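Comments concern the structure below.
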Amino acid sequence: MFFDVEADRLLAAARRTTEPVAAARLTAEAFFHVSRTADPAALAPLADRLSALRSDPARPQIEALFHTVAGVVGVRTRKAHATRHLETAQRLIETHGLHSDPLYLECALLGSLTLMRPQETRPRYAHLVAQADTDPARRARLVSMLGLGDAWSGDLLRGRAELHEARRLARAAQRLDIEAEATSWLVKVEAMCGDLAASAACLAQARDLAARSGSRWVAAHIAECASVLHLASGDTDAWLGILEFLVGTVVGANSGLIFEHRWELATHYALHDRAEAAAALLAAMPDPPLGWPGAPALPAWRAWISEPADPAAMARFETSLAGLNRPVERLSRPRMAWLLGAQHARLGRRADATRLLEAACTGYAAIGAAGLLNQVMADLQHLSAPGGRTVTVPRPRRPVPGLEDGLPATSPSAPSPAETHAARGSMPDGQRLTEAETRVARAVSGGLSNREAAELLGVSAKTVEFHLGNIFRKLGVRNRTELAATTSTLHLGA
């Protein structure tokens, strides 16, 4: 049935036994063995096998296994009402005290995560995982799920430690698929924690492990984890490209990010003069159910995207953030505050920008997200203090092997500090060019094409194109001729 010898052995044993509970256990074991490698649709026959073992009167052991597998497969294949199976399984496991058995404990953990309730994993199951007498592979899976639950519910530092332990256990058990999954989650967690080099190393390892284990499940979600690395390293081009891929392939449905990915992309479009693209993106997706992570703020976020410069729309969006008070929303709330604060800064509204960016800093600091905190601090750095002084915020920089971290700090044609100050000081706060934009403006004003400017500055042509769009918008110019005239008055040089 699967290209997995152990799973086929378990299913063959299940067929031979005449005891229904034993057969159900073997089938469920086969499911867990391949749940990280098989295509979700290929797992559906396992739910059918468990369904055939059900009886009247019902056996709670079989019912719990059937509803767990049916629910997980249903959610992964986006079947309607799949979560009802998981709710039933959780209730059966709790009512009959089944989670003292490691197999049912794994069902309970997987059910909680699939139901997007990561905050339940540690208080309800951590002590049971510590006491469980089970094989190394299962222990690796249990610890991995605990680590994911911790990180997802906002305890990044504890989650990171658990995921590293899960990876160690997976290696000891010689299970590449479990190691691949834990490593892929570490890409995101290390980036959020601020260790970009470790995140980049995990990204390369996760791709290799997924390929070596043939893990379709992990491979499909590596891009989602990589997007956070690019966001934390300030590589907007790479982040945008991955975001478009995620939205196009509907990755993120199981983590609750399917809506936020689309709203993020629509926001980017709206802020970069692509209002029609933003509207089309949101028109294809209704607001989520109220219980969905981030749902209390998404309608107001949608309204703001349609009117990105409207103070009333921005105020309504900001007010809605107060509804994001669940553990599963500890990552979403500071990100939304960051987006709003950055837009206020672009529009020259320093007080509003400062308030929201400080709120984002507080949110990220509280959960240990130093990597994202650094990026918000960079936005705060561009706000001027009263009296014309520039707020200087230290921003640690770590090299990211194999990743382009925006434009280089220096280049053969980089403007002098005096030129940069002149360029920034002559425009309103929200219209000032960044250092990267100043370098691009200077190169393009000198008559270079996008490709020539990219070669000169050591970046990609897409990076130059992206910065050029921002430059045109900020300076209010329509073409390179107008840009050259404008930059001449700003002392950027030709």
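For CYS193, indicate whether it is open to solvent by 10 Å² or more (accessible area, probe 1.4 Å) and under 23 Å from LEU157 (Cβ atoms).
yes
Given (1) open to solvent by 30 Å² or more (accessible area, probe 1.4 Å); (2) within 22 Å of the chain's Cα centre (by Cα); (3) not hydrophobic (A, V, I, L, M, F, W, C), identify the lone condition not met by GLY111.
Failed condition: (1).
Mind listing whichever residues of region 193-219 are polar (S, T, N, Q) and either without any contact (Cβ under 8 Å) to a residue 60 or more places away in the chain or assigned to a helix (DSSP H, G or I) (or both)?
Across region 193-219, the qualifying residues are SER199, GLN205, SER213.
Among the residues in region 220-240, are any hydrophobic (A, V, I, L, M, F, W, C), open to solvent by 40 Å² or more (accessible area, probe 1.4 Å), part of a helix (DSSP H, G or I) and out of contact with any strand residue (DSSP E or B) (no Cβ under 7 Å at 6 or more places or on another chain)?
Yes; the residues of region 220-240 include at least one that is hydrophobic (A, V, I, L, M, F, W, C), open to solvent by 40 Å² or more (accessible area, probe 1.4 Å), part of a helix (DSSP H, G or I) and out of contact with any strand residue (DSSP E or B) (no Cβ under 7 Å at 6 or more places or on another chain).
Return the residue satisfying two criteria in turn: it lies in region 431-443 and is open to solvent by less than 10 Å² (accessible area, probe 1.4 Å) and touching a residue at least 40 places away in the same chain (Cβ under 8 Å), and of such residues it is farthest from ARG349 (Cα to Cα).
Ranking the qualifying residues of region 431-443, first place goes to ALA441.
Could you check how many residues of region 42-73 are free of Cβ contacts under 8 Å to residues at least 24 places away in the same chain and open to solvent by less than 40 Å² (accessible area, probe 1.4 Å)?
1
Could you tell me which of the residues GLU276, GLU264, GLU307 is acidic (Asp, Glu) and under 23 Å from LEU372 (Cβ atoms)?
Only one candidate passes the filter, namely GLU264.
For region 88-99, state whether one or more residues are of a type in the set (Asp, Glu) and either open to solvent by less than 20 Å² (accessible area, probe 1.4 Å) or under 33 Å from the mean Cα position of the chain (by Cα) (or both).
Yes: one or more hits.
Given the criteria modelled with pLDDT of 95 or more, touching a Pro at 6+ places or on another chain (Cβ under 8 Å), open to solvent by 20 Å² or more (accessible area, probe 1.4 Å) and in a helix (DSSP H, G or I), does THR362 qualify?
In short, yes.
Considering only region 264-273, I want to know if a residue exists there that is under 24 Å from PHE472 (Cβ atoms) and of a type in the set (Val, Ile, Thr).
Among the residues of region 264-273, at least one is under 24 Å from PHE472 (Cβ atoms) and of a type in the set (Val, Ile, Thr), which makes the answer yes.
Please work out which residue is nearest to ALA270 (Cα to Cα), limiting yourself to region 316-352 and to residues that are open to solvent by 40 Å² or more (accessible area, probe 1.4 Å), part of a helix (DSSP H, G or I) and not basic (Lys, Arg).
This residue is GLU318.
Filter region 241-285 down to residues that are surrounded by fewer than 18 Cβ atoms within 10 Å (Cβ to Cβ), touching a Lys or Arg at 6+ places or on another chain (Cβ under 9 Å) and either at pLDDT 90 or above or among the basic types (Lys, Arg) (or both), then give me how many there are.
The number of residues fulfilling the criteria is 3.
Do we have GLY406 as modelled with pLDDT under 95, crowded, with 16+ Cβ neighbours inside 10 Å, on the phi > 0 side of the Ramachandran plot and not in a helix (DSSP H, G or I) here?
yes
Cβ contacts < 8 Å: first residue more than 18 Å from ARG262 (Cα to Cα), restricted to region 326-350; second residue among the β-branched types (Val, Ile, Thr) and surrounded by fewer than 21 Cβ atoms within 10 Å (Cβ to Cβ), any location; separation 6+ or different chain. Result?
Close Cβ pairs (under 8 Å, with a partner that is among the β-branched types (Val, Ile, Thr) and surrounded by fewer than 21 Cβ atoms within 10 Å (Cβ to Cβ)) amount to GLY341/THR354.
So if I check each of ALA366, ALA342, ALA351, ALA312, which one is of a type in the set (Gly, Ala, Ser) and in contact with a helix residue (DSSP H, G or I) (Cβ under 8 Å, 6 or more places away or on another chain)?
Just one listed residue meets the conditions, ALA342.
What are the pairs, 6+ residues apart or on separate chains, where a residue within region 289-317 that is over 24 Å from ASP273 (Cβ atoms) has its Cβ under 8 Å from a residue that is β-branched (Val, Ile, Thr) and in a helix (DSSP H, G or I)?
PRO293/VAL328
With the requirement that a residue be among the hydrophobic types (A, V, I, L, M, F, W, C), surrounded by fewer than 20 Cβ atoms within 10 Å (Cβ to Cβ) and within 17 Å of the chain's Cα centre (by Cα), what does region 205-219 give you?
Once the filter is applied, which keeps residues that are among the hydrophobic types (A, V, I, L, M, F, W, C), surrounded by fewer than 20 Cβ atoms within 10 Å (Cβ to Cβ) and within 17 Å of the chain's Cα centre (by Cα), region 205-219 yields only ALA219.
Does SER199 count as among the hydroxyl-bearing types (Ser, Thr, Tyr), closer than 19 Å to ARG160 by Cα and open to solvent by less than 20 Å² (accessible area, probe 1.4 Å)?
Yes, satisfied.
State whether one or more residues within region 84-93 are β-branched (Val, Ile, Thr) and modelled with pLDDT under 95.
No: region 84-93 contains no residue that is β-branched (Val, Ile, Thr) and modelled with pLDDT under 95.
Filtering region 288-315 down to residues that are more than 19 Å from the chain's Cα centre (by Cα) and farther than 25 Å from ARG349 by Cβ, which residue is surrounded by the most Cβ atoms within 10 Å (Cβ to Cβ)?
Top of the filtered list is GLY291.
The values are calculated or read from the model by the stated rules, or taken from the named source; none is laboratory data. Computed from a predicted model, the values in this text were never measured in an experiment. Quick reminder, even Gly has a Cβ in these numbers, built from the backbone with ideal geometry, and neighbours come from all protein chains shown. Each accessible area value is taken on the protein alone, full model and side chains, heavy atoms only, with ligands, DNA and RNA left out. Shrake-Rupley method; radii C 1.70, N 1.55, O 1.52, S 1.80 Å.
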